[in-house]
Amino acid sequence: MPIKTRMSGNEAVAHAIKQINPDVMPAFPITPSTEIPQFVASMIANGEIDTEFIPVESEHSAMSAAMGASAAGARAVTATSSCGMALMWEVLYVAASSRLPIVMALVNRGLTGPLNINAEHSDSMGARDSGWIQIYAENNQEVYDNFLQAHRIAEHKDVRLPVMICQDGFITSHAVQNITLWEDQAIRDFVGEYQPEHYLLREDEAMAVGPYALSPYCMEAKKAQAEAMKRAKQVILDVADGFEKITGRHYGLFEEYRLEDAEYAVVAMGSVCGTVKDAVDAMREQGRKVGLLKLRVFRPFPGREIGAALRHCKAIAIMDRSESYSSQGGPLGAEVTAALYRAKASAETVNIMYGLSGRDVRVEEIRGIFEELEKLAAGEVSYPEYPYLGLRDGTEDLLNR
Amino acid sequence: MRHLTEIRWHGRGGQGAKTAALLLADVAFQAGKQVQGFPEYGPERMGAPITAYDRISDREIRVHSNIYEPDFVAVVDDTLLHTVDVTAGLKEDGGILINTVKSGEEILPLLKGYAGKVWLLDARKVCAATLGKYFPNTPMLAAMVKISGVMDIPVFLREMETSLQHKFARKPEVLEGNLKALRVALEEVTECV
């Protein structure tokens with residue numbers, strides 16, 4: 001039974017954790033994810049769930065404790081943001097390569113500096129090669145739904161990889177919006193009991209977690225991990241199907257919004273996608289053929305599927321909320337462009353840097369991007385470099401040159 | 001009535017402008033609306049100017065940007081009138097609500113020629129008479145509901161009573177004062193002509 005209520009993105013994650021009632025949650029506070037461990041600690045104190053909360057002295061310890069718990073056979077979750085996840089860095093790789101199905105709520109915030117607390121994807125993008133599955137949300141509803149699907153994906157025998165459930169700091173984490181929840185029993189039945197196969201506390205099976213691997217074995221381990229990431233794609237789709245059967249809410253690797261006959265497309269992730277949808281609807285009313293590809297799953301990267309979905313477009317803007325200082329664009333730009341090349345697409349592309357450190361994005365600006373795409377396809381403009389959107393210095397800004 | 005009402009709150013950290021915005025979203029949800037209430041933080045410290053926003057609609061809200069052309073603005077601290085452009089983008093068929101002890105003659109010259117409606121409320125006086133403590137967000141919330149018309153006043157009072165009963169379950173003695181603050185603010189808020 002659906003329960004219609006309203007809550008923030010952080011409350012939505014905490015509510016999901018309450019319904020899942022994981023075994024262990026080690027966490028260290030950092031804005032803007034602090035509320036999540038706060039809410040969960042209150043639920044434990046009130047006797048609503050019996051999760052073991054471990055107050056640790058740093059995020060490095062939080063991820064280490066999550067690893068220990070997961071290796072022992074427990075279902076472990078944590079939450080963090082920005083520099084907090086940066087302090088986990090070393091352990092993120094160890095967790096993934098040890099094939100531990102930890103679930104982390106990441107409330108995206110830019111890495112310092114300059115020091116800033118607002119939304120940016122530089123934290124998760126920095127960890128894009130760490131071996132974690134990454135799933136992004138447009139709003140509070142999606143972050144709730146994604147979190148409920150995370151354990152099923154992470155713990156699946158074909159996968160056994162940690163999962164990061166991402167949402168934009170403040171923009172969704174602190175925004176109260178309408179949301180539809182589902183009753184506890186339906187969620188518990190969907191998520192199920194965790195039944196690990198190999199774990200340290202199993203008496204009849206001696207095993208080691210994270211030992212030194214000599215060169216004759218280490219590369220094979222990495223290949224096996226890469227294969228698990230590839231298999232995760234199908235598992236993510238299967239889990240989404242099961243979720244849809246209960247809730248009626250459909251999820252894929254990405255969402256195609258009015259994309260089928262679109263000549264001009266925006267590719268983006270996270271909260272900006274809601275703003276893009278409003279721009280798409282307004283321009284469709286004028287008869288303009290515009291659409292959105294909203295990427296939900298960044299790791300594993302669905303390159304083949306993205307290439308197929310965008311192949312018919314004339315011009316595509318790929319939006320990055322993370323500067324990689326590569327001097328030729330951001331991570332989403334690089335990977336989507338590569339996917340288009342492999343799909344033998346002929347579309348013109350432009351990689352746009354937007355929303356850094358929480359810089360706001362308006363519907364009018366997205367409409368401006370679609371207008372630029374029309375000019376790009378007509379050969380009236382070109383983008384040898386990657387432009388910034390929304391800069392105060394007009395001479396450097398995409399729409400004010 | 002508008003399909004979408006957009007409201008911008010200006011306050012200082014610690015005065016409850018964010019709380020007022022979230023409370024308004026909450027009570028509008030109770031009245032059956034689609035809502036979005038969110039803060040925009042500057043420096044994280046008491047007294048720094050902060051902005052908070054509400055979207056209240058009959059339709060799904062998808063946009064995630066700040067509000068640049070609000071229908072209504074609330075100013076929780078009148079010292080902000082000297083430093084923040086509170087009427088920026090404010091629609092002239094909307095209005096601005098200011099918490100102040102000052103008169104219209106003193107306030108109007110600070111509004112840069114804004115031609116829409118201006119409402120004043122002395123929230124300090126309301127708080128002194130009803131709460132015994134200065135929490136301007138409670139009276140400002142009631143006044144904003146009245147001037148914006150986002151919901152019927154009896155529905156607002158009924159839903160606030162329910163949510164305050166829940167919020168103050170362990171402090172029932174403050175419930176009556178809060179309800180009285182809402183009612184007094186509805187009477188005290190005055191249009192500046």
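Observations, loosely collected:
- Dividing the Cα radius of gyration of the stretch A:1-107 by its Kirkwood radius returns 0.97 for Rg/Rh.
- Gained length - residue A:42 relative to residue A:250, 0.36 nm times residue gap less alpha-carbon distance: 71.7 nm
- Ellipticity estimate at 222 nm from DSSP helix runs (n ≥ 4, -39,500 (n - 2.57)) divided over chain A, nearest 500: -12500 deg cm²/dmol
- Listing B:71, A:168 from fewest to most neighbouring C-beta atoms within 10 Å gives B:71, A:168.
- For chain B, calculated [θ]222 nm from helices alone, where every DSSP H run of n ≥ 4 adds -39500 (n - 2.57): -10500 deg cm²/dmol
- Across all directions, the shadow cast by the convex hull of chain B built on its C-alpha atoms averages 10.5 square nanometres.
- Annotation: aspartates and glutamates with alpha-carbon distance below 15 angstrom to residue A:233 (same-chain offsets under eight excluded): A:155, A:158, A:241, A:255, A:305.
- Phi to ³J(HN,Hα) by Karplus 6.51 cos²θ - 1.76 cosθ + 1.60 over the stretch A:33-49, Hz, x for Gly, Pro: 9, 3, 4, 4, x, 4, 4, 5, 4, 5, 4, 5, 4, 7, x, 6, 9
- Among the residues of A:354-365, the average count of other protein chain beta-carbon atoms within 10 Å of the residue beta-carbon is 2.
- Residue by residue along B:64-70, Cβ atoms of other protein chains within 10 Å of the local Cβ number 6 on average.
- 10 Å Cβ shell holding at most 12 others, DSSP loop, GluC sites (Glu not before Pro): longest site-free stretch of chain A: A:58-182
- All lysines inside 28 Å of residue B:102 as judged from Cα atoms, apart from same-chain residues fewer than 8 positions distant: B:18, B:91, B:112, B:117, B:125, B:133, B:146, B:180
- Kirkwood-based Rg to Rh ratio, the protein assembly as shown, C-alpha trace: 0.99
- Least to most buried among B:111, B:24, A:295, A:201 (fewest other Cβ within 10 Å first): A:201, B:111, A:295, B:24
- GluC sites (Glu not before Pro) restricted to DSSP loop in the stretch B:75-139 with at most 13 other C-beta within 10 Å: B:92
- Which of A:313, A:218 has the fewest Cβ neighbours within 10 Å, and the rest in rising order: A:218, A:313
- Table column - 3J(HN,Hα) (Hz), the stretch A:205-221, Karplus curve with 6.51, -1.76, 1.60, x for Gly and Pro: 9, 7, 8, 10, 10, x, x, 5, 10, 6, 3, x, 10, 4, 5, 5, 5
- Extension gain from residue A:238 to residue A:218, taking 0.36 nm per residue of separation minus the Cα-Cα distance: 4.1 nm
- Calculated FRET value between residue B:112 and residue A:341, using beta carbons and R₀ = 60 Å, to 0.05: 0.70
- Cβ charges +1 (Lys, Arg) and -1 (Asp, Glu), total dipole of the protein assembly as shown, debye: 180 debye
- Stokes-Einstein translational diffusion, the stretch A:254-400 - Kirkwood Rh over all Cα pairs, 0.890 mPa s, 25 °C, in µm²/s: 163 µm²/s
- Computed from label points 7 Å out along Cα-Cβ, the spacing between residue A:186 and residue B:133 is 4.0 nm.
- For residue A:182, the residues 5 or more places off, or on other chains, whose built amide H falls under 5 Å of its own are A:3.
- Entries of A:18/B:167; A:314/A:375; A:222/A:294 with Cα pairs more than 18 Å apart: A:18/B:167; A:222/A:294
- Between residue B:82 and residue B:163, the distance separating the two model label sites (each 7 Å from Cα on the Cα→Cβ line) works out to 3.4 nm.
- Choice from A:252, A:303, A:287 with maximal GNM fluctuation in chain A (Cα, 10 Å cutoff): A:287
- Inter-chain Cβ neighbour count for A:168-178, averaged per residue, equals 6 (cutoff 10 Å, partner chain atoms only).
- The angle separating the long axis of helix A:331-342 from the principal Cα axis of greatest extent in chain A is about 70 degrees.
Since every read-out is calculated from the coordinates, none of them should be taken as a lab result. This one's a predicted model, so the numbers in the text were calculated from it and none came from an experiment. All Cβ positions, glycine included, derive from the backbone under ideal geometry; neighbour counts span all protein chains shown.
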